[in-house]
Amino acid sequence: MSFTENLSGKRIAVALSGGVDSAVVAALLKEQGAEIVGLTMRVQETDDMQEATQLAQWLRLEHYIIDLTARFKSCVMDAFADSYLRGETPSPCVHCNRHLKFGSLMEAAKEKGCVALATGHYARRRESPSGGAELHQAIDPLRDQSYFLFSLSPEQINFLRFPLGDKTKKEVRALAQERGIPSADKKDSQDICFV
């Protein structure tokens with residue numbers, strides 16, 4: 001996301017997980033003058049649900065929990081198990097991004113009247129010279145998550161914003177600490193969230 005983009009008064013959804021990355025995204029966008037709507041996916045019962053709700057309250061955001069438990073089981077967990085049993089190397093994050101985060105969650109953002117969905121992914125979205133947007137690697141090669149997003153459609157990329165793609169994790173934690181965000185020192189989540 002380009003921070004030269006005029007966000008004042010725009011209604012933007014943030015995929016709020018309860019972690020430091022999504023909290024910093026919400027705080028930065030709010031400081032830019034955007035009207036932020038926090039959207040949290042319920043895929044299983046975890047402490048992250050409560051932490052996301054507490055962060056939304058701390059940030060004073062409108063917040064919704066989107067129940068995607070059944071869809072997560074069928075599109076991510078069952079697909080993971082089937083792939084593993086076929087002798088393949090499963091990539092559950094790719095399925096989750098395609099079907100839930102940038103499928104169901106994106107639809108929820110549109111239903112809430114949002115003009116974009118921002119996430120804490122370390123990737124960059126750049127305007128294309130021919131119109132539309134392109135997906136690019138994050139500047140920090142150790143944090144880059146663009147490879148998990150390879151299956152996104154041009155329409156999805158146009159709707160998405162990745163405010164952390166131009167930052168390192170160290171910079172993000174510093175931004176969180178400067179703002180007193182409660183999750184500033186929270187450990188990073190597991191790669192496979194349901195293990």
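The values are calculated or read from the model by the stated rules, or taken from the named source; none is laboratory data. Every value quoted in this text rests on a predicted model; they were computed, and no experiment measured them. Glycine also receives a Cβ, built like all others from the backbone with ideal geometry; neighbour counts cover every protein chain displayed. Each accessible area value is taken on the protein alone, full model and side chains, heavy atoms only, with ligands, DNA and RNA left out. Shrake-Rupley method; radii C 1.70, N 1.55, O 1.52, S 1.80 Å.
Take ARG71 and tell me if it is charged (D, E, K, R) and on the phi > 0 side of the Ramachandran plot. Spelling it out, it is not the case that ARG71 is charged (D, E, K, R) and on the phi > 0 side of the Ramachandran plot. Scanning region 159-175 finds one or more residues that are more than 28 Å from GLN57 (Cβ to Cβ) and assigned to a loop (DSSP other than H, G, I, E, B). When we screen LYS101, LYS110 for residues that are in contact (Cβ under 8 Å) with a residue 60 or more places away in the chain and open to solvent by 50 Å² or more (accessible area, probe 1.4 Å), the only hit is LYS101.
Filtering region 88-108 to residues that are out of contact with any strand residue (DSSP E or B) (no Cβ under 8 Å at 6 or more places or on another chain) and at pLDDT 95 or above leaves only GLU107.
Scanning region 67-98 for residues that are more than 18 Å from GLU45 (Cβ to Cβ), hydrophobic (A, V, I, L, M, F, W, C) and in contact (Cβ under 8 Å) with a residue 12 or more places away in the chain gives CYS75, ALA79, PHE80, CYS93, VAL94.
Is it the case, given these coordinates, that PHE72 is modelled with pLDDT under 95, hydrophobic (A, V, I, L, M, F, W, C) and open to solvent by 50 Å² or more (accessible area, probe 1.4 Å)? Step through it out loud before you land on a result.
On the way: modelled with pLDDT under 95: yes; hydrophobic (A, V, I, L, M, F, W, C): yes; open to solvent by 50 Å² or more (accessible area, probe 1.4 Å): no.
No: the conditions fail for PHE72.
Consider region 39-52 and keep the residues that are open to solvent by less than 40 Å² (accessible area, probe 1.4 Å) and of a type in the set (Val, Ile, Thr). The one that is nearest to ALA15 (Cα to Cα) is THR40.
For region 157-195, a residue qualifies if it is open to solvent by 30 Å² or more (accessible area, probe 1.4 Å), within 30 Å of ALA81 (Cβ to Cβ) and touching a residue at least 40 places away in the same chain (Cβ under 8 Å), and the qualifying residues are LYS186, ASP188, SER189, ASP191, ILE192, CYS193, PHE194. Filtering region 122-134 to residues that are open to solvent by less than 50 Å² (accessible area, probe 1.4 Å) and either modelled with pLDDT under 95 or within 13 Å of GLU155 (Cα to Cα) (or both) leaves ARG125, SER128, GLY131, GLY132, ALA133.
For region 7-24, a residue qualifies if it is modelled with pLDDT under 95 and either open to solvent by 20 Å² or more (accessible area, probe 1.4 Å) or not hydrophobic (A, V, I, L, M, F, W, C) (or both), and the qualifying residues are SER8, GLY9, SER17, GLY18, GLY19. In region 7-32, what count of residues is obtained for those that are among the polar types (S, T, N, Q) and more than 10 Å from the chain's Cα centre (by Cα)? Within region 7-32, residues that are among the polar types (S, T, N, Q) and more than 10 Å from the chain's Cα centre (by Cα) number 2. Name every residue in region 25-38 that is out of contact with any Ser or Thr (no Cβ under 9 Å at 6 or more places or on another chain), under 14 Å from ALA176 (Cα atoms) and either in contact (Cβ under 8 Å) with a residue 60 or more places away in the chain or crowded, with 24+ Cβ neighbours inside 10 Å (or both), in order of residue number. Within region 25-38, ALA26, ALA27, LEU28, LEU29 qualify. For region 55-69, filtering for residues that are more than 19 Å from ARG161 (Cβ to Cβ), modelled with pLDDT of 95 or more and either within 14 Å of the chain's Cα centre (by Cα) or surrounded by 14 or more Cβ atoms within 10 Å (Cβ to Cβ) (or both) leaves 2.
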